[in-house]
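The values are calculated or read from the model by the stated rules, or taken from the named source; none is laboratory data. Model, not experiment: these values are computed from the prediction. Cβ placement follows ideal geometry from the backbone for every residue including glycine, while neighbour counts extend to all protein chains displayed.
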Amino acid sequence: MFKKILVANRGDIAVRVIRACKELGIPTVAVYSQADVDSLAVRMADEAVCIGPAPSKESYLHAPNILSAALITGCDALHPGIGFMAESASFAEACTAMGIKFIGPSSSAIEKMGDKITAKSTMRRAGVPVVPGGDGAVKDEADAQRIAAQIGYPIKIKASAGGGGRGIRTVFKDEELGSTLKMAQAEAEASFGNPDVYIEKHIEQMRHIEVQIIGDEHGNVVHLGERDCSIQTARHQKILEECRAPNLDDRIRRKICEAAVKAAKAVNYQNAGTVEFIYAPNGEYYFMEMNTRLQIEHCVTEVVTNLDLVKLQIKIAAGQKLGLTQRDITWTGHAIEARLTARDPERGFAPSAGVITGLRLPGGPGIRVDTHVYAGANVPPYYDSMIAKIIAWDVDRNAAIAKLARALSETDVDGIKTDVAFLRDIVDHPVFKSADLSTNFLVEHMGDS
């Protein structure tokens, strides 16, 4: 096992990793920016190192400072958490070159699945269904028009290096294509440093189904079931997630999960990852992308499988066998997660930074709260606005919804604005309760634009 692990992230995931390490008896080092000097992760870790000023590019995205912190504190492993450097192939490779174990997949797997065009080609060769569309990067407007004519409108233009719901634009008619293509390419260049975009068919009334997979360094890969992440904003940001996916035919459920394992094996995947699929109203499903890291919503999978994914990540990175076959994986009850964010619904969900002057978080049987905030904590304006994940578990979906509604009614945050009332409205909505889910839910029923 490792002697000491550096946690190269912040927020609730940093706290989550530190807790897992404590239970495994492994000392931890937290890294922090100047804005996070009083963070919960800094307080909980055995050691802490400041890696730069508040802006991410000067701290949490500054690889030399992170690696230096690992070396000077004697860490032999590094957990990248979620976001920031978690899906950087070059960072994973640098860790390996410096004798620091990257707790995640290999740099080659990250690279193959990080480029969405390469990922689609890889999946196509592996026999995993992909969304109809072009075979590579769009060359010019004429090429875009050719692809659009072939697959038919509406279409999506996506950044090849995109992720997290960013770099996606929908086009409904030919007149919009030229200008939207230019905007998409400019956005891709500005956001990801790569102007390449590709085109695929836009599936209307789709559901977003993703499968948690985990593999070891000995060739073993299993899935831990699927999650439904269809409740998301018009900008593709997830709001609520649940496990397992409701209103899904068991035959389709099995086929999607098997396709996810096939996808992972196609790139010799090791450690935890998520294979994301589009599920169409006609029952067809298509590979969308693979996130080569832990997901924010991993908690709902943990609750229904009674498995600790972070501990499994660490043990696998240390060379241990997974110790699980597919038959060993079972699912009990239903879990739903709501992301509580520091955003102001009255100002178009604009970020709300400041000091939390009062805090009441829910509890009771079947409620799990993953958070990094506390009364008196400062919520800086530089990072993701999520301040807590509230997870409800019960014997079935209806009971889990009732429990989550109760938990959200107990939640109160003073000093900053949050979206807790918006979350309550979603959970109370009759269409959500009926599990008539699609990625258009918020647009059609909650006025999201």
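Hey, any hits in the range 10-25 for a residue that's modelled with pLDDT of 95 or more and in a strand (DSSP E or B)? Looking through the range 10-25, none of the residues is modelled with pLDDT of 95 or more and in a strand (DSSP E or B). Among the residues of the range 165-199, the ones that are in contact with a helix residue (DSSP H, G or I) (Cβ under 9 Å, 6 or more places away or on another chain), in contact (Cβ under 8 Å) with a residue 40 or more places away in the chain and assigned to a loop (DSSP other than H, G, I, E, B) come to 2 in all. Applying the condition of being touching a strand residue (DSSP E or B) at 6+ places or on another chain (Cβ under 9 Å) and closer than 22 Å to residue 336 by Cβ to the range 248-272 and asking which residue is surrounded by the most Cβ atoms within 10 Å (Cβ to Cβ) yields 260.
Okay, residues lined up against (1) assigned to a loop (DSSP other than H, G, I, E, B); (2) touching a Gly at 6+ places or on another chain (Cβ under 8 Å):
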residue	(1), (2)
247	yes, no
254	no, no
258	no, no
269	yes, yes
283	yes, no
296	yes, no
313	no, yes
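When we screen 218, 202, 208, 236 for residues that are out of contact with any Asp or Glu (no Cβ under 8 Å at 6 or more places or on another chain) and at pLDDT 95 or above, the only hit is 218. Would you call residue 374 of a type in the set (Phe, Trp, Tyr) and surrounded by 18 or more Cβ atoms within 10 Å (Cβ to Cβ)? For residue 374, the condition - of a type in the set (Phe, Trp, Tyr) and surrounded by 18 or more Cβ atoms within 10 Å (Cβ to Cβ) - is not met. Of everything listed in (1) surrounded by fewer than 21 Cβ atoms within 10 Å (Cβ to Cβ); (2) touching a residue at least 60 places away in the same chain (Cβ under 8 Å), the single unmet condition for residue 388 is (1). Please tell me if residue 353 is in contact (Cβ under 8 Å) with a residue 12 or more places away in the chain, more than 26 Å from residue 305 (Cβ to Cβ) and surrounded by fewer than 19 Cβ atoms within 10 Å (Cβ to Cβ). For residue 353, the condition - in contact (Cβ under 8 Å) with a residue 12 or more places away in the chain, more than 26 Å from residue 305 (Cβ to Cβ) and surrounded by fewer than 19 Cβ atoms within 10 Å (Cβ to Cβ) - is met. Entry remark, the range 162-196: residues being out of contact with any Lys or Arg (no Cβ under 9 Å at 6 or more places or on another chain) and of a type in the set (S, T, N, Q) number 3 in total.
Restricting the range 325-350 to residues that are of a type in the set (D, E, K, R) and part of a strand (DSSP E or B), which is surrounded by the fewest Cβ atoms within 10 Å (Cβ to Cβ)? Among residues in the range 325-350 that are of a type in the set (D, E, K, R) and part of a strand (DSSP E or B), the one surrounded by the fewest Cβ atoms within 10 Å (Cβ to Cβ) is 344. For the structure I just gave you, tell me whether residue 84 is outside the structural domain of residue 376 (by TED's automatic domain parsing), aromatic (Phe, Trp, Tyr), surrounded by 17 or more Cβ atoms within 10 Å (Cβ to Cβ) and at positive phi. It is true that residue 84 is outside the structural domain of residue 376 (by TED's automatic domain parsing), aromatic (Phe, Trp, Tyr), surrounded by 17 or more Cβ atoms within 10 Å (Cβ to Cβ) and at positive phi. Taken together, 142, 92, 137 contain a single residue that is surrounded by fewer than 22 Cβ atoms within 10 Å (Cβ to Cβ), farther than 26 Å from residue 379 by Cα and touching a helix residue (DSSP H, G or I) at 6+ places or on another chain (Cβ under 9 Å), which is 137. Out of all the residues in the range 166-188, is one or more closer than 25 Å to residue 422 by Cα, modelled with pLDDT under 90, more than 21 Å from the chain's Cα centre (by Cα) and surrounded by fewer than 16 Cβ atoms within 10 Å (Cβ to Cβ)? The answer is no, given that none of the residues of the range 166-188 is closer than 25 Å to residue 422 by Cα, modelled with pLDDT under 90, more than 21 Å from the chain's Cα centre (by Cα) and surrounded by fewer than 16 Cβ atoms within 10 Å (Cβ to Cβ).
Can you say whether residue 436 is touching a residue at least 40 places away in the same chain (Cβ under 8 Å), over 24 Å from the mean Cα position of the chain (by Cα) and on the phi < 0 side of the Ramachandran plot, as far as the supplied structure shows? So residue 436 does not fit the description; no.
Among all residues of the range 51-66, there is none that is more than 29 Å from residue 111 (Cβ to Cβ) and either polar (S, T, N, Q) or in the same structural domain as residue 387 (by TED's automatic domain parsing) (or both). Here residue 107 fulfils each of the conditions (1) over 18 Å from residue 285 (Cβ atoms); (2) at pLDDT below 90 apart from (2). Selection of the range 202-245 for residues being assigned to a loop (DSSP other than H, G, I, E, B) and under 18 Å from residue 287 (Cα atoms) yields 202, 203, 204, 205, 206, 236, 245. Which residue is surrounded by the fewest Cβ atoms within 10 Å (Cβ to Cβ), if the candidates are limited to the range 231-247 and must be within 27 Å of residue 109 (Cβ to Cβ) and in contact (Cβ under 8 Å) with a residue 40 or more places away in the chain? Only one residue tops the list, namely 236.
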